[in-house]
Amino acid sequence: MPFVPRDLDIPFCSIPRVIINKIHEIVNIVLISIPSNMSALCIHVANVISVAIGMVLTFIITQIPCDYKTQRRMLSIIRRVFPKRHEEYQYHDLAHHILRCGVEKENRTGENAISVMGYMMRFNLRGWKLPLLTTKKVSFDLISKELVMFIKGITDNKWLQDQKCSIWNGNSSREYFDKMGWPDREVGELGQIYGWQWRHWGAEYKTCHDDYTGKGIDQLAKVIDSLKNNPNDRRIILSAWNLKDIPNMALPPCHVMAQFYVANGELSCEVYQRSCDLFLGAPFNYASYAALTMLLCHMTGLEPGELIHVTGDTHIYKNHVDAIKKQLARTPYPFPTLKIVGNFKTVQDLDSNLDHKSFEIHDYQHHPSISAPMAS
């Protein structure tokens, strides 16, 4: 099992932040190099110790004779002095888990990957905190441009290229289409990918140049309406997995479905991702769905709650191993915050006025970027 300290009512460790970060940095380096059976033992011992310390501290505070308000204040002070483990270490834990326990598998790209099945992470979005990884620079500019393309239902990669965003180039080139058996397909034609399903589910698709306004089912509009008028609905879902359209998509959806959940005035989002490229893809996915959730909060008057990210085939490509090991040796910085700029109430407002500048990121401190080739 990966080292995931339990989410106790008080922090897992009574060691100052600087020492905690240094311990994590050393542990991360050591875990990569030791045999899997020994690393599993180390992780088990660390989990037991973290839970034991948490239980002892909780017991001590709760046994002090004082009223409830004073007790909560004392716990609050402890949280500030001895903060919880940084949420980005969930990503590190998963990477270690894959490197130790994963199975090497062949796949459609021709680049073998080390893979495990099934994992979940939770990110706290309260205070408009954005889970944008800090142990390497992640371009939120590219993330926001792709998200705008999805929200508007655009399927022409040339739109992204005009925005100086190249992340879909590998899956819309002449070489890629020829490999896929589409010799007559226009370069840049993405087909009925994510955003088109969000905005035009079930409509007849022709080309990326056609106008689909008012055609098909607008899932995004239904999500917004439900959040405003029926927030307890358990069917507030965006789905991109359309079996009929998959054969014509440049790439079948990796992040298949998002479900939205409202409680206590907060909006949370759970994403299911069938296939997760941990080094290149996952950092974009965390931030993208967190930003989408915050945009919906902005439109509906809700506050951000949590992002829950669930993955199926979760993998590290063999040619990414050195890069991710370099990343794992780094200590995270605090996550940045996100501000939504603009007056958005309806999908029509999004279609007319939303652009990547509508997403303002603040206080993003990060380590240098680490490059690696995309498998396509």
Sequence order, the range 236-249: Karplus ³J(HN,Hα) from phi using 6.51 cos²θ - 1.76 cosθ + 1.60, θ = phi - 60°, Hz rounded, Gly and Pro as x, gives 7, 9, 10, 10, 10, 8, 10, 4, 5, 8, 4, x, 9, 7
Diffing the range 365-373: the Karplus 3J(HN,Hα) column from phi (6.51, -1.76, 1.60, θ = phi - 60°), in whole Hz with x for Gly and Pro, holds 9, 8, 7, x, 5, 10, 8, 7, x
Return the inverse of the average 1/r over all pairs of distinct C-alpha atoms in the range 112-184, which is the Kirkwood hydrodynamic radius, in Å to one decimal.
15.5 Å
For the range 104-362 the mean separation of alpha carbon contacts under 8 Å (6+ apart) over residue count, i.e. relative contact order in percent, is 28 percent
Please sort by residue number the GluC sites (Glu not before Pro) in the range 101-193 whose DSSP state is loop and whose Cβ has at most 12 other Cβ atoms within 10 Å.
E106
When only C-alpha pairs under 8 Å and at least 6 residues apart count, what is the relative contact order of the range 240-376, in percent?
21 percent
For a quick check: with amide H placed at 1.01 Å from N, whose amide H comes under 5 Å from L267's, ignoring anything fewer than 5 positions away on the same chain?
E303, G305
Please identify every one of the chymotrypsin sites (Phe, Trp or Tyr not before Pro) in the range 233-315 that sits in a loop by DSSP and has no more than 15 other beta carbons within 10 Å of its own beta carbon.
W241
Sorting check: for 294-306, 332-344, which peptide has the highest mean count of neighbouring beta carbons within 10 Å, and how do the rest follow?
294-306, 332-344
If each K or R counts +1 and each D or E counts -1, the residues other than I236 whose Cβ falls under 10 Å of its Cβ total +1
List the chymotrypsin sites (Phe, Trp or Tyr not before Pro) in the range 122-198 that DSSP assigns to loop (not H, G, I, E or B) and whose Cβ has at most 13 other Cβ atoms within 10 Å. Which are they?
none
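Values quoted throughout were computed directly from the atomic coordinates according to the rules given, and no laboratory measurement underlies them. Bear in mind that the values here come from a model prediction, so they are computed numbers and not experimental data. Quick reminder, even Gly has a Cβ in these numbers, built from the backbone with ideal geometry, and neighbours come from all protein chains shown.
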